[in-house]
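Enquirer: So that we are looking at the same thing, I have put the structure below in structure tokens.
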Amino acid sequence: MAGSGSERAAVELCKGINGLDKVVLRGPRGSSAEVYLYGGHVTSWRNDHGEELLFVSTKEIFKPPKAIRGGIPICFPQFGSNGSLEQHGFARNKFWSIDTDPPPFPTTSKSFIDLILKPSEEDMQKWPHSYEFRLRVALGNGGDLMLTSRVRNTNADGKPFTFAFAYHTYFSVSDISEVRVEGLETLDYLDNLENKERFTEQGDALTFESEVDKVYLGAPTKIAILDHEKKRTFVLRKDGLPDAVVWNPWDKKAKTMTDFGDDEYMHMLCVEAAAAEKPITLKPGEEWKGRLELSAVPSSYCSGQLDPQKVLQSS
């Protein structure tokens, strides 16, 4: 996969912070993404101009067994504290392997990596199920970032298992008070700040002026995050993931988090594609697939125009 001369490889395995293994994906026009094998964790996604689109805390020290704060953590087989496992499960705290024999998978991108996670004996004591979790991270030719997860039940004892899942994506935003999210209005949500009580979203878009931690139910396949100051819109497209989680810790909670700067809440927003409310059940041999596609488009966005890809860029 290595290029010749000045051409750079589309996929490169190298060392990241603290010597941790990471994979760098490069698009033909300058976009890039970085994936750490620790956690199967995307930590960077840059557009063609080299601008970072994901948020990673400046306090993050990249020291296992602690999960990385920022980027795209994988929450599996538990979301949040809804279960007997550690917060958000164990997939984000494990070392994944490069999958040398992935199942057939159509792709138009040359820049992708396949990772796999299988349970260790230690995992089996906490969560006694045999599974194969395959993750493909791909960088599209236009700079879009695509994550596809496949979870297969490989239990030999004939037992089904259930799990929850989320791509816990931290987006980099200029100023949280200038950001709006479209696509979740009028939906029912569970408010984690109100004992998971169920409410219905009011208003024509989400804006932010205090802590938020909500699970939106039956969210559409497409959600947009409008960053007015940067004239940039993130578009999330999701498949197999019925819910959408929106989270920002705001100032008080930020100060209690050791791996998060006091003011960093102003420059990040988590909008997560998830299967959080109703767990997924797999019988032995069955496979589940959950897909997330992220794009960042320049836009002087108008409300209600949920496909900004056609917006003309002023030269």
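The values are calculated or read from the model by the stated rules, or taken from the named source; none is laboratory data. What you are looking at is a predicted structure, and each value in this text was computed from that prediction instead of being measured. In this analysis, Cβ positions are derived from the backbone assuming ideal geometry, glycine residues included, and neighbour counts consider all displayed protein chains. Heads up: the accessible areas ignore ligands, DNA and RNA and are worked out on the full protein's heavy atoms, side chains in. Shrake-Rupley method; radii C 1.70, N 1.55, O 1.52, S 1.80 Å.
Enquirer: Using alpha-carbon positions, what is the distance between the centroids of the stretch 168-199 and the stretch 42-92, in Å?
Expert: When both Cα centres are located, 18 Å separates them.
Enquirer: For the stretch 16-84, what does the accessible surface come to per residue with a 1.4 Å probe? Please give it in Å².
Expert: Numbers: 2600 Å² over 69 residues.
Ligands and nucleic acids excluded, the result is 38 Å² per residue.
Enquirer: Before anything else, pin down the relative contact order of the chain: Cα pairs under 8 Å, at least 6 apart, normalised by residue count, whole percent.
Expert: Values: 802 pairs, mean separation 51.7, N = 315.
That works out to 16 percent.
Enquirer: Helix-only estimate, please: 222 nm mean residue ellipticity of the chain, summing -39500 (n - 2.57) across DSSP H runs of length 4 or more and dividing by its residues, to the nearest 500. Don't skip to the end; give the middle numbers.
Expert: Details: 2 runs with 13 residues, N = 315.
Estimated from H runs of four or more residues: -1000 deg cm²/dmol.
Enquirer: Sticking with this one: Under 5 Å between amide H atoms, partner at least 5 residues away or on a different chain: which partners does TRP96 have, H built in plane at 1.01 Å?
Expert: The answer is TYR38, GLY39, GLY40.
Enquirer: In addition: From the phi of every residue in the stretch 265-274, what ³J(HN,Hα) in whole Hz does the Karplus formula 6.51 cos²θ - 1.76 cosθ + 1.60 yield, where θ is phi - 60° and glycine or proline is x?
Expert: So the Karplus estimates, Gly and Pro as x, are 4, 6, 10, 9, 8, 8, 10, 10, 7, 8 Hz.
Enquirer: Please report the Cα spread of the stretch 23-147 along all three principal axes, rounded to whole Å, starting with the longest.
Expert: 46, 38, 22
Enquirer: Using a Gaussian network for the chain with springs between C-alpha atoms less than 10 Å apart, which of these wobbles most: THR100, THR281, THR162?
Expert: THR100
Enquirer: Identify all aspartates and glutamates with a Cα-Cα distance to LYS230 below 16 Å; exclude those on the same chain that are fewer than 8 residues away in sequence.
Expert: Within reach: ASP48, GLU51, GLU52, ASP175, GLU178.
Enquirer: Starting from the exponent 0.38 and prefactor 2.2 Å, build the expected Rg for the stretch 85-167 from its residue count and divide its actual Cα Rg by it.
Expert: On the way: Rg = 14.4 Å, N = 83, 2.2 N^0.38 = 11.8 Å.
The reported ratio for this selection is 1.22.
Enquirer: Whole percent per 5 Å bin, from 0 to the bin with the longest distance: what is P(r) over all C-alpha pairs of the stretch 131-240?
Expert: Histogramming the stretch 131-240 at 5 Å steps yields 2, 9, 15, 19, 18, 14, 11, 6, 3, 1, 0, 0 percent.
Enquirer: When we measure straight from the Cα of LYS66, which lysines land under 25 angstrom away, once same-chain ones fewer than 8 places off are left out?
Expert: The reachable lysines, counting only those whose Cα sits under 25 Å from LYS66, are LYS15, LYS22, LYS94, LYS118, LYS126, LYS214, LYS252, LYS253, LYS255.
Enquirer: Could you tell me what percent of the accessible area of the chain is made up of carbon and sulfur, with a 1.4 Å probe and every protein chain present? Write down the numbers at each step before the final one.
Expert: Working: 7070 of 14580 Å².
Carbon and sulfur atoms account for 48 percent of the accessible area of the chain.
Enquirer: Then there is this: Work out the length of the dipole vector of the stretch 1-147 about its Cα centre, built from +1 on the beta-carbon of each Lys and Arg and -1 on the beta-carbon of each Asp and Glu, and round it to the nearest 20 debye.
Expert: Working: 17 positive and 17 negative charges, 55 e Å.
Value, rounded to 20: 260 debye.
Enquirer: Can I ask one more? With +1 on the Cβ of every Lys and Arg and -1 on the Cβ of every Asp and Glu, and nothing else charged, how large is the dipole of the chain about its Cα centre, in debye rounded to the nearest 20? Walk me through the numbers on the way to the answer.
Expert: Details: 38 positive and 46 negative charges, 179 e Å.
Computed about the Cα centre, the dipole is about 860 debye.
Enquirer: If you bin every alpha carbon distance in the chain into 10 Å steps from zero, what whole percent lands in each bin?
Expert: 6, 27, 36, 24, 7, 1, 0
Enquirer: Taking amide hydrogens as modeled 1.01 Å from N in the peptide plane, which residues meet the under 5 Å criterion relative to LEU269, leaving out close sequence neighbours?
Expert: PHE171, VAL173
Enquirer: Can you give the net charge of the other residues whose Cβ lies under 14 Å from the Cβ of TYR167, counting K and R as +1 and D and E as -1? Can you show the working numbers first?
Expert: Numbers: positive: ARG92, ARG136, ARG150, ARG237, LYS238, LYS289, ARG291; negative: ASP239, ASP243, GLU272, GLU293.
Every neighbour counted, the sum reads +3.
Enquirer: Which of ILE116, GLY89, SER31 sits closest to the plus end of the dipole of the stretch 11-313, meaning its Cα is farthest towards the positive end, when Lys and Arg get +1 and Asp and Glu get -1 on the C-beta?
Expert: Looking along the dipole axis, the top candidate is ILE116.
Enquirer: Here is a follow-up. In percent, what relative contact order does the stretch 187-236 have, based on Cα pairs under 8 Å that are 6 or more apart in sequence?
Expert: 33
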